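Colleague: Would you mind keeping the following structure in view while I ask a few things?
The values are calculated or read from the model by the stated rules, or taken from the named source; none is laboratory data. Just so you know, these numbers come straight off a predicted model, no measurement behind them. Positions of Cβ are backbone-derived with ideal geometry, glycine not excepted, and every protein chain shown enters the neighbour counts. With ligands, DNA and RNA removed, areas are computed over all heavy atoms of the protein, side chains included. Shrake-Rupley method; radii C 1.70, N 1.55, O 1.52, S 1.80 Å.
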Amino acid sequence: VNDTANLNKLNVTGASTFSSLLASSILPQTAGSVTAGFTKTNITNLTDGDWLWDDSQKAIAIGSDMFPRIVYTDESMAKVKFLRCLDKDCATSNITTVDSNLNEFDTLTLRMAPDGYARILYITYNSPNELHFVKCNNDDCSDNTNTIVATQLYDWYYAASFGLDSNGNAYIGVEDHDDGSSTDHLEFYACSNADCSASVHNELLTGPDTYY
């Protein structure tokens, strides 16, 4: 978060520019304070003084062991990293680079699947933009299946998210912006299997820059 004026609205804690990723930068609490019983831990330093400029470059989920899992971008949004906390305060952790791309990543989303492993969704700014779904096959996501679910139908992607059903199959929503008509298109993908290598696509809504 790089907006001190709106920290209370965003309901997070943090300095205006991050040189490190704090658990308190992601976990909900009152801005500018630490809740009694809450331990603030510096869990990792971003490379070369990099920083997270908004909420779309990080996400958190809790594993079945009740320890956090965090996904974030590093090296000026050129890498997606997965961090598995090894204790409740995240004083120790394992970090895995899930993907690398000099054209940058954005809108990271993280969920824990019924098999106990993470699922990650993000977009790349390749040409064309790509919508990626990552199925982690072990705790640290060092073994994973990375599927390009779709590429942009219009001009550029943003605002992607997903949910999982009881079988671990994903349901994905992503906005695709059309510069020519100044319209946003809400695209929906229903994954037919766990790694989303097969899916059914529908365009749900179209409107004038309304869905972000």
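Each row is one residue, and each column tells you yes or no for (1) at pLDDT 95 or above; (2) of a type in the set (G, A, S); (3) not in a strand (DSSP E or B).
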| site | (1), (2), (3) |
| --- | --- |
| S56 | no, yes, yes |
| R69 | yes, no, no |
| A91 | no, yes, yes |
| L108 | no, no, no |
| I120 | yes, no, no |
| K135 | yes, no, no |
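Colleague: Further question on the same structure: Hey, could you check segment 163-189 for residues that are open to solvent by less than 20 Å² (accessible area, probe 1.4 Å) and at pLDDT 95 or above and say which is farthest from G116 (Cα to Cα)?
Modeller: Y189
Colleague: Next question. Looking at L108, L86, L121, L102 in this structure, which one is surrounded by fewer than 22 Cβ atoms within 10 Å (Cβ to Cβ) and within 23 Å of I148 (Cβ to Cβ)?
Modeller: Just a single option satisfies the conditions, and that option is L102.
Colleague: Another one. Mind telling me which of the residues Y154, Y72 ends up being open to solvent by 30 Å² or more (accessible area, probe 1.4 Å), closer than 27 Å to L186 by Cβ and out of contact with any Cys (no Cβ under 9 Å at 6 or more places or on another chain)?
Modeller: Y154 is the lone residue from the list that is open to solvent by 30 Å² or more (accessible area, probe 1.4 Å), closer than 27 Å to L186 by Cβ and out of contact with any Cys (no Cβ under 9 Å at 6 or more places or on another chain).
Here's the yes/no breakdown for (1) touching a Gly at 6+ places or on another chain (Cβ under 8 Å); (2) of a type outside the set (V, I, T):
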{"site": "A160", "(1), (2)": "yes, yes"}
{"site": "D165", "(1), (2)": "no, yes"}
{"site": "G173", "(1), (2)": "no, yes"}
{"site": "D176", "(1), (2)": "no, yes"}
{"site": "T183", "(1), (2)": "yes, no"}
{"site": "A198", "(1), (2)": "no, yes"}
{"site": "L205", "(1), (2)": "no, yes"}
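Colleague: Go through segment 71-89 and report how many residues are at pLDDT below 90 and β-branched (V, I, T).
Modeller: The qualifying residues number 1.
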